[in-house]
1. Just report the Cα centroid separation between segment 31-89 and segment 95-165, whole Å.
2. Please list, or write none, the aspartates and glutamates whose alpha carbon is within less than 16 Å of the alpha carbon of Lys30, excluding same-chain residues fewer than 8 places away.
3. Using alpha-carbon pairs under 8 Å, 6+ residues apart, how would you state the relative contact order of segment 23-153 in percent?
4. Could you give the accessible area per residue of segment 141-191, probe 1.4 Å, as a whole number in Å²?
5. Within the set of other residues whose C-beta is less than 13 Å from the C-beta of Asn197, count the net charge using Lys and Arg as +1 and Asp and Glu as -1.
6. Each residue of segment 51-60 in turn: what ³J(HN,Hα) in whole Hz from Karplus with 6.51, -1.76, 1.60 and θ = phi - 60°, glycine and Pro shown as x?
7. Using a probe radius of 1.4 Å on heavy atoms only, what accessible surface per residue do you get for segment 65-104? Whole Å² is fine.
8. Carbon and sulfur together cover what percent of the accessible area of segment 1-92 at a 1.4 Å probe radius?
Amino acid sequence: GVLSGVAGSYFSTPSAAANQITGSIDIRVKATLADWTPSVAMTLVSKAIVAGNGLSYWFYVGTDGKLNGAISSTGANSEAKTSSVATEFSNGTVHWVRWTWGTSDKVWRFYTSEDGETWTQLGTDSAAGALTAIASTSTQVEVGSDTAGGGSNVDGRIYRAQIYNGINGTLAVDFNPNLSTSAQTFTAATGEVWTTNGTARIFGNTDSTYGIPAQWDAYGPFGYLAEGARTNLALQSQT
């Protein structure tokens, strides 16, 4: 998913029972940012709108290059924690990042990975917070922004965004743009429908109708086949 960093550029899916997570949460994102120490914070995943008590949870990269997670227990209040160290990723490079928060210990933990399977904790555990639950709101889930595309917009690409209900729990939300085949919307493997907003695009889209070139299928580009040089021999038939 290609994001321009301008307001209104994001992907969204409506609020649903699956993404109204009120207990422990685990968010994982594969992304590349134009700047991993951005001049303004960039929100990777959110279910957060300030107006109308619409805050639930949001995961973002701060201007210091550190990862941040935040939750609300009422839809209006908020509590946030920051990784103790920065990612130190080079600009334009692709990595997995992860944030977990658990109701049992109320601790935020942050991780990085190169394959989305083997995780290394980024820094140390946060001090335990005060909030014990996440508010269930009717706010949509956004990838690449918060506040309906109005704030902290990502300048870069998001290849995958997953929200688990519980730490290492049930996969509740799975933003996978490879499943887009032609339209402005696509359906995730977990059932939710994603919509492309503003200047956001699926990589490879070349026209204003969000169409994907014919060389793509439902899983993305077919790829590139390289073979060694060969000489074709045509033998004349003897009749």
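1. 8 Å
2. The qualifying aspartates and glutamates are Glu88, Glu114, Asp115, Glu117, Glu142, Asp155, Asp174.
3. Details: 347 pairs, mean separation 40.8, N = 131.
For segment 23-153, the relative contact order is 31 percent.
4. 37 Å²
5. Working: positive: Arg201; negative: Glu142, Asp146.
After counting each charged neighbour, the total is -1.
6. Calculated HN-Hα couplings, in order: 5, x, 6, x, 8, 10, 8, 7, 10, 8 Hz.
7. Accessible surface, normalised per residue, equals 38 Å².
8. Answer for segment 1-92: carbon and sulfur cover 51 percent of the accessible area.
The values are calculated or read from the model by the stated rules, or taken from the named source; none is laboratory data. As the structure is a prediction and not an experimental result, all values here were calculated from the model. Ideal geometry is used to build each Cβ from the backbone, glycine not excepted, and the neighbour counts take in all protein chains shown. Surface areas here come from the heavy atoms of the whole protein model, side chains and all, with no ligands, DNA or RNA. Shrake-Rupley method; radii C 1.70, N 1.55, O 1.52, S 1.80 Å.
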